[in-house]
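These notes concern the structure reproduced below.
The values are calculated or read from the model by the stated rules, or taken from the named source; none is laboratory data. Given the structure is predicted, the values throughout are model-derived calculations rather than measurements. Ideal geometry is used to build each Cβ from the backbone, glycine not excepted, and the neighbour counts take in all protein chains shown. Keep in mind that these areas ignore ligands, DNA and RNA; they rest on the heavy atoms of the full protein, side chains included. Shrake-Rupley method; radii C 1.70, N 1.55, O 1.52, S 1.80 Å.
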Amino acid sequence: MTDTRDPSARPGLSCRILNQIIEENPECIVVTDPAGAIVHVNRRFEEVTGYTAAEAIGLNPRVLKSGQTPPETYEELWRTITAGRPWRGRFVNRKKNGELYIEDAQITPVLDDAGTLTHLVAVKKDITERVRLADAVRLLNEELFSILNTIPAWIFYKDRENRFIRVNQAFARDLRRSVGELEGTSCFDLFPKEQAEEFWKDDLQVIASGVPKERIVEPVTLADGIRWVQTEKMPLRDAAGGIIGVIGFANDITERKLMEDEIRRLTVLDDLTGLHNRRGFFVSAENALRIARRTQSTCLVILADMDGLKIINDTLGHETGDRALRELAEALHGVFRESDVVARLGGDEFAILAFNAPEAHAQTITARIDEAIRRRNDRPGRDYSLSLSLGISVSSGDHPVPLHALLDLADQRMYENKRRKKGH
């Protein structure tokens, strides 16, 4: 038997089922005639507005108007539906008891086969609570960032792609950008490549481990020069606890850092000559010897005692004696390399650790020191001569010697050298 039904036709729903769909719908449904008079509402409409179906039928939906929906909304609504198209928008309406509520609505024109408007069907969702919560969150965010913007430290949120999500005013001010300009940029857009790589490396460690990274002291290049900041970074998590980025707090510690550096410099440098002082020598020399032991390198330790400083002080004055010490310091500094440690231990005594210097170089070094002193003594108009007595000891790669033993041996040899000079 052949099926003669139109294949494009869809089976219809019974009026009972359609009525149940409308009545049990969780959204308000309002049906009006072309003039706008209500002909049907569902139970949800009664629950939201407080009007019963009997009260609402025959009324115009304008009974719900609160006066707080812009007139342009209604103008757009009528332009759209009179053109035969569905309209979507938002109303601020008033319930029967006078309470305001907000709803998102879709109003659809219903046309008959001839294209004539027969009804308007509005499906409306009460979003009052959602809007209230959104406004509360917005106000909370505004208050939060108002507080953050009063804090002089840098505060920022970054996502997993290294983009700044939010920054505070202090961060923007120091980078001479607006907050809006910074949001969406990465540290590679703002800082030199080498610095940006270090910043991003720290971020990745926090994202990967979920463990905060604290007390990161690092230089930052800004338009007004290099600043030192101390940064704390911690994971930024979503509501489910997943790590979605990094929160950072950075304090400008430039002044403190410069003060600490100056204090550190003063504790390891000799005021008169600018060389390492005794403390600086022992710290740097011990470090150098540790490296030498690990790399099987040979080091020379040289003690140098200035000859005749007391005579210069007694005959020409201590100011001239200080000048002579500075001259010797300059001569020694010029002979040795940056990797070597050159120090004034105090008074007229100097010490040098020559790193990775074979024992065979001892004579060469002695000759270079003698030559540097000779050139200074040959300068015209001098009223004193410079002279040093030297003692040298060796710590070889296959036979490392502790620093105190190296100094004792160098000291013995230096005084032997001094005695020979006096004997002549």
**OP:** Could you look at the stretch 49-130 and say what percent of its accessible area is carbon and sulfur, using a 1.4 Å probe and all protein chains?
**Re:** 54 percent
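Which longest uninterrupted range of the chain lacks any GluC sites (Glu not before Pro) assigned by DSSP to a loop state (not H, G, I, E or B) and surrounded by at most 15 other Cβ atoms within 10 Å?
With a cap of 15 other Cβ atoms within 10 Å, the longest stretch comes to 162-337.
Mean Kyte-Doolittle of at least -1.0 plus a Cα span of 27 Å or more along the axis: flag which DSSP H helices in the chain meet both, please.
Working: long enough: 128-148 (30 Å, 0.28); 403-423 (30 Å, -1.28).
Result, helices passing both filters: 128-148.
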Original post:
Considering amide H positions built from the backbone, and no H for Pro or chain starts, which residues 5 or more places from ASN60, or on another chain, come under 5 Å of its amide H?
Top reply: ILE38
Original post:
Measuring with a 1.4 Å probe in the full set of protein chains, what accessible area per residue, in whole Å², belongs to the chain?
Top reply: 58 Å²
Original post:
Summing -39500 (n - 2.57) over the DSSP H runs of n ≥ 4 in the chain and dividing by its residue number, what mean residue ellipticity at 222 nm do you reach, to the nearest 500 deg cm²/dmol?
Top reply: -13500 deg cm²/dmol
**OP:** Provide the solvent-accessible area of THR116, counting protein heavy atoms only and rolling a 1.4 Å probe, rounded to the nearest 10 Å².
**Re:** 70 Å²
